[in-house]
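Heads up, the thing below is written out as C-alpha cells.
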Amino acid sequence: MEKEQLIDKEIAMDFMLLYALAKIGAYHEPIRISTVSFAKKIGLSQQSASRHLISLEKRGLIYRSIGKEGSLIRISKAGEDLLREIYLNLNMIFERKPHSILIEGEVFSGLGEGAYYVSQEGYRRQFIEKLGFDPYPGTLNLRIIDGKGIMQRASLDAYPGIEIKGFRNKSRTYGMVKCFFAMINGRERGAVVLASRSHYGKDTLEIISPVYLREKLGLKDGDRIKVEIFIQ
C-alpha cells in the first residue's frame, strides 16, 4: 500500500510540474526559464524545483538544456502522453456520457497475422461473449492519413475499452487485447482491436467484424474509409 501511495504521489507531482510547464508554453515549443523563476511559479523551493526537473528529465518526460541564462525546456512526447491521458480521464469523469471519434484511413494488406490471432479460441470465445459477434477470421487494416487521426488513435490508449484477456496454451502466451465498438463507413458494425503486443504503430487501425469487410464494402488496397469508434 505504501508503494502504491508513493507512485500516486510521483504521478501527481509529475502532472503538477508538466501542467505548470505547459501553461508557460513548453508544450508547443522550448521555453527558457531559471529554476528560481520556475520554483516561484509552482510554490516550491529552488532546490526542490531543480530536483524535480532533473527527475522529469531522467524519466524522459521533458527535454532540458542548461545554459547561463537558465534552462531550455520542452515537454517530451512521453510528457505529452501523460498530460493527454489525465485530460481524457478527467473528460470522461465530467462528461459521464458515451461519445465517439471519427478516423479516416487507407486500406492496406497486412502480414496475414490477423486471421491467425482472431481464430485463436482463447480470443474468439471472448469476442463472442463481450462483443456479441463471432468475428470473420481476419482483420481489416487501415493506415491513418492525417495528424489529427493519429492523435485520436493515440488517445484510445487512455480509455479502458473492452478487455479481452490474454491466455496461454501449450505453445505460447497471448497478450491482452482492448476493443472498442465501431461502425465502418456508416454501414457495417465491428470493433477496433488494440493488441498489447503489436508490430503496428499508432498510425494504424485493426478492425474485426462479423463479416468479410473487404468483400461486403467492395474494398481494395488504397481505398479510403471512415471508422466511427465508440468510447464508453
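The values are calculated or read from the model by the stated rules, or taken from the named source; none is laboratory data. The structure presented is a predicted model; accordingly, all values stated were derived computationally and were not measured. Here the Cβ positions follow ideal geometry from the backbone for every residue, glycine too, while neighbour counts run over all protein chains shown.
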Selection status of S155, hydroxyl-bearing (S, T, Y), touching a residue at least 60 places away in the same chain (Cβ under 8 Å) and in the same structural domain as V227 (by TED's automatic domain parsing): yes
Residue match in segment 66-77 (condition: within 21 Å of the chain's Cα centre (by Cα) and under 21 Å from Y159 (Cβ atoms)): yes
Matching residues in segment 188-232 - criterion: being among the basic types (K, R) and under 17 Å from A158 (Cα atoms): R197, K202
Of residues in segment 1-38 being surrounded by 12 or more Cβ atoms within 10 Å (Cβ to Cβ) and of a type in the set (D, E), the one modelled with the highest pLDDT: D14
Residue satisfying all of: in segment 188-232; farther than 21 Å from E163 by Cα and assigned to a strand (DSSP E or B); nearest to the chain's Cα centre (by Cα) among these: K226
Segment 160-182 - residue that is of a type in the set (F, W, Y) and in contact with a helix residue (DSSP H, G or I) (Cβ under 7 Å, 6 or more places away or on another chain) and, of those, surrounded by the most Cβ atoms within 10 Å (Cβ to Cβ): F180
All positions within segment 183-197 that are surrounded by 23 or more Cβ atoms within 10 Å (Cβ to Cβ), of a type in the set (G, A, S) and under 11 Å from E228 (Cβ atoms): G190
Qualifying residue in segment 142-153 (condition: crowded, with 17+ Cβ neighbours inside 10 Å, in a helix (DSSP H, G or I) and basic (K, R)): yes
Of all residues in segment 65-96 being closer than 14 Å to H28 by Cα and either surrounded by fewer than 11 Cβ atoms within 10 Å (Cβ to Cβ) or not hydrophobic (A, V, I, L, M, F, W, C) (or both), the one that is modelled with the highest pLDDT: R74
Out of R187, R153, sole residue that is of a type in the set (D, E, K, R) and over 17 Å from S209 (Cβ atoms): R153
